[in-house]
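To start, the structure itself, in structure tokens.
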Amino acid sequence: MSTTAAKTTAAETTVQAVLTDFDVKTGLSTTKPPLQRRLSAMADMYADQAAAAAQVAEDDVLVYEFFDMGVPSTSGDVAYGTSITYPGKVGDEYYMTKGHFHEVLDTAEIYYCLSGHGYMLMENPEGDWQAAEFTPGQAVYVPRRYAHRSINVSATEPLVTFFAFPGHAGHDYGTIETKGFRKLCVERDGKPEFIDNPRWQA
Ligand SMILES: O=P(O)(O)OC[C@H]1OC(O)[C@H](O)[C@@H](O)[C@@H]1O
Ligand SMILES: [Fe+2]
């Protein structure tokens with residue numbers, strides 16, 4: 001066995017143990033490209049639709065990027081990577097990820113904040129919602145059944161987290177695309193505040 005890679009045999013696939021570099025400040029890897037989401041891919045998720053459209057027309061900025069490491073989608077595997085949400089706002093609403101439920105609702109996820117400042121916004125189908133603050137060194141446990149969205153509230157720094165979740169969890173984007181989150185995170189008097197989402201659909 002070498003120090004950098006070991007072979008193990010799963011039921012159907014041979015999975016390589018690999019080392020990957022993730023920079024703690026930028027979240028990026030020197031060996032693997034991230035997936036990217038620009039504002040145009042999620043402009044309709046922001047409350048101020050006119051501000052979103054104007055921003056896309058002027059500059060379709062990169063809002064966030066993240067890694068899909070291609071881990072097998074079995075319950076015995078662990079999907080992982082970094083997620084980087086850039087600083088910025090649409091109107092007074094902070095840049096955020098699309099957010100999703102897991103297709104297998106009864107699966108949790110763990111996020112560890114490497115750098116930056118933000119929140120993990122969570123809500124479950126039963127109506128509970130929570131916002132957990134991300135500061136470097138803080139881990140946020142997203143419980144089973146909770147949709148989750150990362151929000152960057154820094155004016156200057158990217159929010160960089162490392163995440164891990166069960167390989168078979170899957171992503172349900174449709175529910176959030178249709179209903180939205182119950183809460184929005186907006187700047188009020190220079191500080192983040194969670195307010196009711198006027199467009200939220202029960
Ligand atoms: O899935 P999004 O809300 O677009 O966020 C992008 C990515 O962020 C994460 O950190 C999750 O763990 C990924 O599973 C997800 O795909
Ligand atoms: Fe997730």
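With the structure loaded, tell me whether Gly81 is touching a helix residue (DSSP H, G or I) at 6+ places or on another chain (Cβ under 6 Å) and either within 20 Å of Ala169 (Cβ to Cβ) or small (Gly, Ala, Ser) (or both) or whether it fails that test.
Details: touching a helix residue (DSSP H, G or I) at 6+ places or on another chain (Cβ under 6 Å): no; either within 20 Å of Ala169 (Cβ to Cβ) or small (Gly, Ala, Ser) (or both): yes.
Answer is no for this residue.
Of Phe162, Phe134, which residue is near ligand 1 (Cβ under 10 Å from one of its atoms), surrounded by 14 or more Cβ atoms within 10 Å (Cβ to Cβ) and closer than 20 Å to Tyr86 by Cβ?
Phe162
Return the pair list, or none, for Cβ contacts closer than 6 Å from residues in the stretch 142-157 that are in contact (Cβ under 8 Å) with a residue 12 or more places away in the chain and of a type in the set (A, V, I, L, M, F, W, C) to residues that are away from ligand 2 (no atom under 11 Å from the Cβ) and in a loop (DSSP other than H, G, I, E, B), at least 6 apart or on different chains.
Taking only residues 6 or more apart or on different chains, the pairs are Val153/His117; Ala155/Pro87.
If you go through the stretch 170-181 one residue at a time, do you hit one that is surrounded by fewer than 19 Cβ atoms within 10 Å (Cβ to Cβ), within 13 Å of ligand 2 (Cβ to nearest atom), outside any loop (DSSP other than H, G, I, E, B) and charged (D, E, K, R)?
There is at least one residue in the stretch 170-181 that is surrounded by fewer than 19 Cβ atoms within 10 Å (Cβ to Cβ), within 13 Å of ligand 2 (Cβ to nearest atom), outside any loop (DSSP other than H, G, I, E, B) and charged (D, E, K, R).
Just wondering, is there one or more residues in the stretch 56-79 that are of a type outside the set (Val, Ile, Thr) and assigned to a helix (DSSP H, G or I)?
First, pick out the residues of the stretch 56-79 that are of a type outside the set (Val, Ile, Thr): 57-60, 62, 64-70, 72-73, 75-77, 79.
Those left that are additionally assigned to a helix (DSSP H, G or I): 57-58.
Yes; the residues of the stretch 56-79 include at least one that is of a type outside the set (Val, Ile, Thr) and assigned to a helix (DSSP H, G or I).
Being of a type in the set (D, E, K, R) and more than 15 Å from ligand 2 (Cβ to nearest atom) is the filter; apply it to the stretch 123-150 and report the residue that is nearest to the chain's Cα centre (by Cα).
Glu133
Quick one: which of Tyr111, Tyr141 is within 11 Å of ligand 1 (Cβ to nearest atom), modelled with pLDDT of 95 or more and more than 19 Å from Leu184 (Cβ to Cβ)?
Working: Tyr141 fails: within 11 Å of ligand 1 (Cβ to nearest atom).
Answer to the selection: Tyr111.
Out of Ser2, Ser40, Ser29, which single residue is modelled with pLDDT of 95 or more, among the small types (Gly, Ala, Ser) and surrounded by fewer than 16 Cβ atoms within 10 Å (Cβ to Cβ)?
Among Ser2, Ser40, Ser29, only Ser40 is modelled with pLDDT of 95 or more, among the small types (Gly, Ala, Ser) and surrounded by fewer than 16 Cβ atoms within 10 Å (Cβ to Cβ).
Kindly list, by first and then second residue, each pair from a residue in the stretch 69-91 that is of a type in the set (Lys, Arg) to a residue that is in a loop (DSSP other than H, G, I, E, B) and away from ligand 1 (no atom under 15 Å from the Cβ), limited to pairs with Cβ atoms under 9 Å and residues at least 6 apart or on different chains.
Lys89/Ala155
I need the full set of residues from the stretch 166-202 which are without any contact (Cβ under 8 Å) to a residue 60 or more places away in the chain, among the charged types (D, E, K, R) and touching a strand residue (DSSP E or B) at 6+ places or on another chain (Cβ under 9 Å), in order please. Working first, answer last.
Of all residues in the stretch 166-202, those without any contact (Cβ under 8 Å) to a residue 60 or more places away in the chain come to 174, 178-179, 182, 189-191, 193, 195-196, 200-202.
Filter once more, keeping what is among the charged types (D, E, K, R): 179, 182, 189, 191, 193, 196.
Answer for the stretch 166-202, where residues must be without any contact (Cβ under 8 Å) to a residue 60 or more places away in the chain, among the charged types (D, E, K, R) and touching a strand residue (DSSP E or B) at 6+ places or on another chain (Cβ under 9 Å): Arg182, Glu193, Asp196.
Any idea which residue in the stretch 35-88 is farthest from ligand 1 (Cβ to nearest atom), counting only those that are among the charged types (D, E, K, R) and within 16 Å of the chain's Cα centre (by Cα)?
Arg38
The values are calculated or read from the model by the stated rules, or taken from the named source; none is laboratory data. Remember, predicted model here, so these are calculated numbers, not experimental data. Here the Cβ is made from the backbone with ideal geometry for all residues, glycine too, and neighbour counts use every protein chain on show.
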